[in-house]
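Working notes, beginning with the structure itself.
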Amino acid sequence: MNARRVSILMTGLLAGLAACAAAGALFAAAKETLTVQGSTTVGPIADAFAEAFMRKNPDLAITVTKTGSGDGAKALVDGQCDVAAMSRFMKDKEYKAAIEKGFLPVAHVVAMDGVCVVVHPSNPVSELTTEQIKAVYMGKITNWKDLGGADQKIVPISRDTSSGTYEVMNELVMGGDKMDPGVEYVTSNPDKHKRVSTTPAAIGYVGLGFVDEKVKALKVNGIVPNRRTIASGEYPIARPLFLWTRNFPELGSTIHRFVTFHLSEEGQEIVEAKGFVPVTNY
Amino acid sequence: MARMAPGETQGPGPAAVFDRPLLLTARQDLVGYVSSVTGRAVLFLVAATSVLAVLLIFTFIIKEAIPFFTEGGTLSAALGRLAEVFGSTQWYPEQDPAEFGMLSLLAGSFYVTFAAVVVAVPLGLLTAVCLSDIFPFNVRQVAKPVVELLAAIPSVAYGFFAVMIVAPWMQGHLGLPSGTNALNASIILAVMAVPTIVSVSEDALTATGRSLREGSYALGATRAETLVRVVIPAAHNGIIAAVILGMMRAIGETMVVWMAAGNAAQIPSPWWDLTQSVRTMTATIAGEMGETVHGSTHYHSLFTIGLILLVFTFILNTVTEWLLGRMRHGGGRT
């Protein structure tokens, strides 16, 4: 008898649970959605923003797709995403396509991406110009003595060509010219740091967050790389990272809150944690 | 059915054991047939899984590599790509315009593999000979598992060793500007290939048998003569297979070369200079696949590298299988 009562109770419970689940699914379907698409460099920031947003607003679903800045611009123009994450400004062609579709693309700078040129701490060289750095990576200058250092062959080290850090270097220092085939490659900023800190003749470049006492960050064109010079744009090897929207988003809307999230303290912390330089200063 | 549980008392008696019909009923017959057929089918499927996996990998890689050649749309564009891949050393997949010359990557794989084999074969072969014919049995019992333990160390640990210890050592003691180079990678790869070579060639040497050696001694040959002129030639198929297996270990290795070889996409000049940095096919895939845009030309070009690599290892593997087969059938005595 008792067992039977228990089983009835269980059935009731299960039915209740099922009802709850069904209701949950219904609510889930009614969730507000926001789609972000674009750069693999800005992607991690957008991802972390999305995570923080969804934690605060459980009925909001944000999807972030990382396929490259060009794809982001295309998706924004075609209306396939609400926010395009891009590591560069829109090209004239993309802008024109957007205007033909009847809207103005608006850029929101969420962070600065600065790249520091680093050498071994024992290296006497402490300053280079962007032209000299370019010449080193093109294989035109191959000895430290031409740069005021010891008579030693330079070992230039680069990041893998699909990384955002490489992109900055390629764009702002190399100007699209090819690096010498003799340049060595590593896959990550920590690997780069490890190689430069153990190789006296090495030169490499890493994000600002990876500079410590084991490597020496060079002044470029006379400017010391730090948060202030990168955020202000004085330091030459830095670029803004953008989130783009169709027109300026309606104030207070989800899109507006998302593209201005970097202005909050939490947003700034995320930007810093991802190794970029925030445009705000708390 | 006569089996009884230990505590059970004697039941129906021995006569009951024999009162079952000798012929199966139609139902039993059918059940037996069906279960045997399904049993076979299940076993076949299990056995076929790995074959299927290989076929799927092949199909997938070919499918992803094909757009690299066909995206030009015309036959001449595809042939142009092919000519670029095998005719140029310029690997600039993210440049504008991009260049996909894979010759320097092929050369990089060849350099580190060849140099590793040159180091590992004498080392491995001598170890195998010592283990099979020279060391006393007790030593062998300990030494062989220890050598085989080398194969169990994860390759990222080898890579870390290469970057943190071998590279600074080369910079400090050999006066090289950069310690991550073809030589560094080759040495580490050689150490990694040694266990394979030792294990397989030791088996081949042992498989030649005692009678062969005693026959040689009976003819008045010394121990050295017996080893060099009789035992090693008799085991040559197995030894070649061991070398090829070691080579495959080296050519397919990724993490170590990515960490230790420096990854400069160049052919060393002068050609014999192993202290220059090189980039292998495997390292290129591992290093660039992570952040490349899905579906881009660069992405498909990496699958093309994978396909080339797969074809290489497939050929090497087939040759090894053939040689090992000859060793087994001929008992090592050809």
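Below are the figures for this structure:
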{"item": "All positions within the range A:134-186 that are touching a Pro at 6+ places or on another chain (Cβ under 7 Å), more than 9 Å from chain B (Cβ to nearest Cβ) and under 19 Å from B:Ser104 (Cβ atoms)", "result": "A:Tyr137"}
{"item": "Unique match (being closer than 17 Å to A:Asn221 by Cα, over 26 Å from the mean Cα position of the chain (by Cα) and surrounded by 16 or more Cβ atoms within 10 Å (Cβ to Cβ)) among A:Val119, A:Val173, A:Val155, A:Val125", "result": "A:Val125"}
{"item": "Residues of the range B:250-262 satisfying the condition of being surrounded by 22 or more Cβ atoms within 10 Å (Cβ to Cβ) and either of a type in the set (A, V, I, L, M) or more than 14 Å from chain A (Cβ to nearest Cβ) (or both)", "result": "B:Ala250, B:Ile251, B:Glu253, B:Val256, B:Val257, B:Met259, B:Ala260, B:Ala261"}
{"item": "Helices (runs of 4 or more DSSP H) (entirely within the range B:143-248) containing at least 3 residues that are crowded, with 22+ Cβ neighbours inside 10 Å, at positive phi and not hydroxyl-bearing (Ser, Thr, Tyr)", "result": "none"}
{"item": "Filter result (touching a helix residue (DSSP H, G or I) at 6+ places or on another chain (Cβ under 8 Å) and either of a type outside the set (Gly, Ala, Ser) or part of a helix (DSSP H, G or I) (or both)) within the range A:154-165", "result": "A:Ile154, A:Pro156, A:Ile157, A:Arg159, A:Asp160, A:Thr161, A:Thr165"}
{"item": "Boolean, A:Val196 is assigned to a helix (DSSP H, G or I), within 14 Å of chain B (Cβ to nearest Cβ) and touching a residue at least 60 places away in the same chain (Cβ under 8 Å)", "result": "yes"}
{"item": "Of the criteria (1) surrounded by fewer than 18 Cβ atoms within 10 Å (Cβ to Cβ); (2) more than 14 Å from every other protein chain (Cβ to nearest Cβ), which one B:Gly295 fails", "result": "(2)"}
{"item": "Answer residue from the range A:237-275, given it is free of Cβ contacts under 8 Å to residues at least 24 places away in the same chain and of a type in the set (D, E, K, R) and is nearest to A:Met169 (Cα to Cα) among those", "result": "A:Glu269"}
{"item": "In the range B:79-108, residue nearest to the chain's Cα centre (by Cα) [restricted to those that are aliphatic (A, V, I, L, M) and outside any loop (DSSP other than H, G, I, E, B)]", "result": "B:Leu106"}
{"item": "Lone qualifier among B:Leu205, B:Leu150 - being more than 14 Å from chain A (Cβ to nearest Cβ), of a type in the set (A, V, I, L, M) and in contact with an Asp or Glu (Cβ under 8 Å, 6 or more places away or on another chain)", "result": "B:Leu205"}
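Bear in mind these aren't lab numbers, they're just calculated from the coordinates by the rules spelled out. Just so you know, these numbers come straight off a predicted model, no measurement behind them. Please note: Cβ atoms are built from the backbone with ideal geometry, for glycine as well, and neighbour counts cover all protein chains shown.
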